[in-house]
1. Could you say whether any residue in region 537-551 is of a type in the set (Val, Ile, Thr), touching a helix residue (DSSP H, G or I) at 6+ places or on another chain (Cβ under 9 Å) and at pLDDT below 85?
2. Six or more apart or on different chains, Cβ atoms under 6 Å: show the pairs whose first residue is in region 187-198 and farther than 18 Å from Gly225 by Cβ and assigned by TED's automatic domain parsing to the domain that holds Ser228 and whose second is polar (S, T, N, Q) and outside any strand (DSSP E or B).
3. Write out, first by first residue and then by second, each pair whose Cβ atoms fall under 6 Å of each other, whose residues are 6+ apart or on separate chains, and whose first residue, in region 449-470, is under 13 Å from Gln430 (Cβ atoms) while the second is of a type outside the set (Gly, Ala, Ser).
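The values are calculated or read from the model by the stated rules, or taken from the named source; none is laboratory data. As the structure is a prediction and not an experimental result, all values here were calculated from the model. Reconstructed Cβ throughout: ideal geometry from the backbone, glycine too, with neighbour counts over all protein chains shown.
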Amino acid sequence: MGEVRKKKRSDFLMPEYRATEYLRLSYSMDRENESDSITNQKKLIEDFLKGHPEIELVSEHVDDGYSGILFDRPQFQAMMQDIREGKINCVIVKDLSRLGREYIETGRYLRQIFPAYGVRFIAITDGIDTAHENNGDDLNISLKTILNDAYCHDISVKTRSALLTKRKNGDFVGACPIYGYQKSKENHNQLIVDSFAAKVVQDIFRKKIDGYSAAKIAESLNQSGILSPLAYKESRGLPHPSGGFTDKEKTKWSATTIIRILKDETYTGTLVQGRQTTYNHKVKDLVEKPSAEWIRTENAHEPIIRRQDYDLVQKILGLDTRTAPNGNKVYLFSGILICGSCGARMTRKTVPYKNGKYFYYYCPTGKKNGCTHPVMLREQDLTDCITESLKAHIGNVVSLEELLRDISEEQVNQELVAEYKARLMENEEQLASLTRFQSTLYENFVTGLLDKEEYKSLKNSYHADISRLKEAASKLREEMDAVKGSSHDRLRWIQHFKRFSGMEEIDRRAVIALIQSIRVLEKDDLQITFRYQMEYQAVVERLSAHAAAPLPGQNTRGKEAV
């Protein structure tokens, strides 16, 4: 017969504790340490339990990819629910940092919550076991939680610094690219165009420029069976955010989604990052940063939308426009037709007459509400007048370009540089004069010519004026350096008008692109302010010294009977 093993006292012990093993691993700060892997945590706890028959492992809770700063982790909360229901009375972790890294909240669970429920807490590698008084002393726990908190703060600072550097270098650091782009497989910090989604984005911008409302664009996409951004990403297995472009109805486009796309500058090739931040590593609520602090990188990736089309859409979105009832498009002059008497935006109205309908624009303020001279215009007459004025102005702009060919670019640049030098010289003379006056202030104060209050007031005034002049001089030098380079960018606005040179009938795109406002002074007197008015006038004045024949005039008032 074999040797009979002598039974130990522990063989007769029944488990006193129903335990759960809590395992946690964050995305960033823990993954560099292989010993913190979920597998190694489990192995360590299994080895520990072999020597503790009084503990029965009844469950496991794993939070993989969650920071220890906050305690809203899903499996941590599930574990707390088990504690409240009396299913477990012992929590085992590899070390104290697995439970949490935040000093105050971690201490609250160990000193208040766990003891209130009679829960035994064990952190193996830290030698903490609250069933033994010496192993769970308050000082030991306090020191370790403070160190864990400090470690977390240090990692947070390093992470923020690394992300800031990447953003400044033009690297994309977001988790989910916007609809229309994907991360490059070769370089995850580089955005590349998603050809299918990019065509949808281009169609959205085209429809908006053509006068469609955001709601009608969304309706059109839904009717065409095109997946919304979230549904599209889910269908392709692409990463997608829980917010952002997420729609209320996941399978549908919405007006909100359309507006977000139309306002996103990323589509022009400009990477805009750092729009939001958090107060610190413990508070995860997002805070909007002022636009001056955003990090912008021009030409960071291939554009989907031309810059001029993007700018045009922003102008359209900025107007107070309305669509016709049950219609698809915005009225032709909505948002830019202004009453010359009170400044209100004029409204379109339909007047039925016999078997037909007539359309007018009128001032909604009216005499009863303070408009001293309201005017009503028939839409067709207004359209005819604006069409002729636009065609005439486009012709004048094209004529300017032809005249510019007779003047060498070098000559034009020299004249502009001379103008900037003259302005800089005047600026420097003013600066020298102010500096002289400022230098005598203290002497006048000491000799009694100025009292203390006068001295302080004049000192602050001179200081402000000197700072203003220095800033102006810096800006003038930048503009002069740009002029020395090339006149191509300076005259690019001419191409903006030339795109419409073959226009026979005006549409919403032409009106928004070329006209800034139309003020209605009288039925036969319209004041049209075209876009790039200052640039146009500057070229006219510059050419006046070189052209023998009269230059094309600027017709800003329509005189036909409307």
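1. Checked against the condition, which is being of a type in the set (Val, Ile, Thr), touching a helix residue (DSSP H, G or I) at 6+ places or on another chain (Cβ under 9 Å) and at pLDDT below 85, region 537-551 yields at least one hit.
2. Listed pairs, sorted by first residue: Gln190/Ser184; Ile192/Ser184.
3. Filtered contacts from region 449-470: Tyr462/Leu434; Tyr462/Gln438; Asp465/Leu434; Ile466/Leu434; Leu469/Asn427; Leu469/Gln430; Leu469/Leu431.
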